[in-house]
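The values are calculated or read from the model by the stated rules, or taken from the named source; none is laboratory data. None of the values given here were measured: they were computed from a predicted structure. Don't worry about glycine lacking a Cβ; one is built from the backbone with ideal geometry, like all the others, and counts go over all protein chains shown. The protein model used for the area step is the full one, side chains on, heavy atoms only, and it has no ligands, DNA or RNA in it. Shrake-Rupley method; radii C 1.70, N 1.55, O 1.52, S 1.80 Å.
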Amino acid sequence: MRSGDHHGASESSPLLGQQQEAPPSPTNPRAEEENRTDDVRPITPVSVKSSIRFPFLRKPVTRRQAVAAIFILLLIATSIALPLVYFLYIPHRLHEALSDGHADFRSLHIIAVKPEGVQVRVQALSRNDPVPPVDVTLQSTLVSVLAGDRRIAALQFPGISVPRGSSEVEVDFEALLGHIDTKFFSKLVRKGVTSIPHQTLRILASPMLSLRGIGSWVVPVEQFATVDHGTLPPLNGTQYNVTLVDQSATPISFTQYRLSAVLAFSNPHPVSFAPQLFSLCFSIYYEDQRVIDVALPSTTHLVQGRNVNATVKGLTVAGGFTLLMKLVGEYAAGNASDVTVSGFSLAYEDDDVERLDWLETILRELTFDVEVPGASGDDDDEDGEGVWMAGLVGSVVRIATQTFVKANSKGGFVEKVKGMVRRTPFRI
């Protein structure tokens, strides 16, 4: 073999074990195409609608489908959240605001006592916490006071408006305090003013609260108040500063006198009342014997602060003259005496005035004891140490004493008490 032939065969012939490519055949175009695309990566056509694949879905979804699904989910969440906010959250917040709110009580004025109840005017300052972000209107509602499950009184609250952002709002309204349970209050006063048993009262109301631009809700409210003798204001005599302005006595007989006194005193409590169409009458008993009948005329009224020209009228009881003399003697000797105030009743100024049966029923049960200390040298200052309203009982006793001193100018008893009658402190 020639060397030229050897080299030519090695260059043009495939090596052993190497596959030889077949020459393209004009009669096999498919094979030609496959050979042409062996080294070319296939190109995937781009879809017009882009898709999003969620791991929890088997098939991808389009962007439009995803937006629609999110919108539906938001719509469902809103439809659930709005009722929860409207029917649960807002009423809960309003209930908290009413329950936690407080008011500074300023005054209670009794306008008129009527057969159906007591017409009153109430003034207070309501403090709002939290401050309302919108205008709030509390509609008229019935406020009931219950002792246990028994309603003992009720008042129609006329409503109030609270401007947006107001931390305080003035409360000033008139209403009728009615539905008075006479049996409950009769039993209460029967045990004495200073021995009121422990009572837990429930105050119930269901006012409608309106938030401007949002809606209205009925919000039930329940609060509790404890009342017993410990909740009564302390009977500190010095704060009343009772003084005797004028006095007179008219003899009817040797054993009976008509008495009259004009008192001045201070009222430190936020309670007042206007003149009524009746006089309040009661009697003073000493050793279980009626000795003086007392009347507060219909012109009597009470204001906050200093009261002047408060008239008290009295009539000594003929059958109790002897005991009255004994009471006067104990007082003049400086000895304390216990008297009982009872027999409360109403005397109407006009026969056409409708009777106050509910009030008369309660007053018939009212009885309390008054301690009248004896006269002492400390009681003779003309400015007078203050005493509280039960001092009118002692004032009547004092007037009676002075009356008998003037009317019976003879006898050792008169000489004993003369000059010893002074303004006297009284206390229950």
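Within the stretch 373-388, can one find any residue that is open to solvent by less than 50 Å² (accessible area, probe 1.4 Å), at pLDDT below 85 and part of a strand (DSSP E or B)?
No, there is no match, as no residue in the stretch 373-388 is open to solvent by less than 50 Å² (accessible area, probe 1.4 Å), at pLDDT below 85 and part of a strand (DSSP E or B).
Checking Gln156 against (1) open to solvent by less than 40 Å² (accessible area, probe 1.4 Å); (2) within 20 Å of Ala112 (Cβ to Cβ); (3) of a type in the set (S, T, N, Q), only one condition comes out false. Which one?
(1) is the only condition that Gln156 fails.
Pull out all pairs, ordered by first then second residue, where Cβ-Cβ is under 8 Å, the residues are six or more apart or on different chains, the first lies in the stretch 218-241 and is small (Gly, Ala, Ser), and the second is modelled with pLDDT under 60 and surrounded by 11 or more Cβ atoms within 10 Å (Cβ to Cβ).
Taking only residues 6 or more apart or on different chains, the pairs are Gly237/Glu385; Gly237/Gly386; Gly237/Val387; Gly237/Trp388; Gly237/Gly391; Gly237/Pro425; Gly237/Phe426; Gly237/Arg427.
Looking only at the stretch 129-153, filter to residues that are buried (at least 17 other Cβ atoms within 10 Å of the Cβ) and not aliphatic (A, V, I, L, M); which one of those is modelled with the lowest pLDDT?
The extreme case among them is Pro132.
For residues that are at pLDDT below 85 and either touching a His at 6+ places or on another chain (Cβ under 8 Å) or open to solvent by less than 70 Å² (accessible area, probe 1.4 Å) (or both), tally how many sit in the stretch 254-281.
The number of residues fulfilling the criteria is 1.
Considering only residues of the stretch 298-340 that are within 16 Å of Ser279 (Cβ to Cβ) and open to solvent by less than 80 Å² (accessible area, probe 1.4 Å), which is farthest from the chain's Cα centre (by Cα)?
Leu315
Report the residue count in the stretch 200-220 for those that are among the charged types (D, E, K, R) and more than 13 Å from Val143 (Cα to Cα). Outline the logic, then answer.
The first filter runs over the stretch 200-220 and keeps only residues among the charged types (D, E, K, R), leaving 202, 212.
Adding the requirement that they be more than 13 Å from Val143 (Cα to Cα) leaves 212.
Of the residues in the stretch 200-220, 1 are among the charged types (D, E, K, R) and more than 13 Å from Val143 (Cα to Cα).
Out of Lys313, Lys326, report the one residue that is of a type in the set (D, E, K, R) and not in a helix (DSSP H, G or I). Before the answer, list the steps.
Working: Lys326 fails: not in a helix (DSSP H, G or I).
When all the criteria are applied, what remains is Lys313.
Residue by residue, here is whether (1) surrounded by 11 or more Cβ atoms within 10 Å (Cβ to Cβ); (2) at pLDDT 65 or above; (3) in contact with a strand residue (DSSP E or B) (Cβ under 6 Å, 6 or more places away or on another chain); (4) among the polar types (S, T, N, Q) holds:
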{"position": "Arg53", "(1), (2), (3), (4)": "no, no, no, no"}
{"position": "Ser79", "(1), (2), (3), (4)": "no, yes, no, yes"}
{"position": "Leu98", "(1), (2), (3), (4)": "yes, yes, yes, no"}
{"position": "Val118", "(1), (2), (3), (4)": "yes, yes, yes, no"}
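Quick one: which strands (runs of 3 or more DSSP E) lie wholly within the stretch 108-159 and hold at least 1 residues that are of a type outside the set (Val, Ile, Thr) and in contact with a Pro (Cβ under 6 Å, 6 or more places away or on another chain)?
Details: elements: 117-127, 136-138, 141-147, 150-157.
Because the criterion is at least 1 residues that are of a type outside the set (Val, Ile, Thr) and in contact with a Pro (Cβ under 6 Å, 6 or more places away or on another chain), the strands (runs of 3 or more DSSP E) in the stretch 108-159 that meet it are 136-138.
Scan the stretch 343-350 and give yes if some residue there is over 20 Å from Phe273 (Cα atoms) and assigned to a strand (DSSP E or B), otherwise no.
Yes; the residues of the stretch 343-350 include at least one that is over 20 Å from Phe273 (Cα atoms) and assigned to a strand (DSSP E or B).
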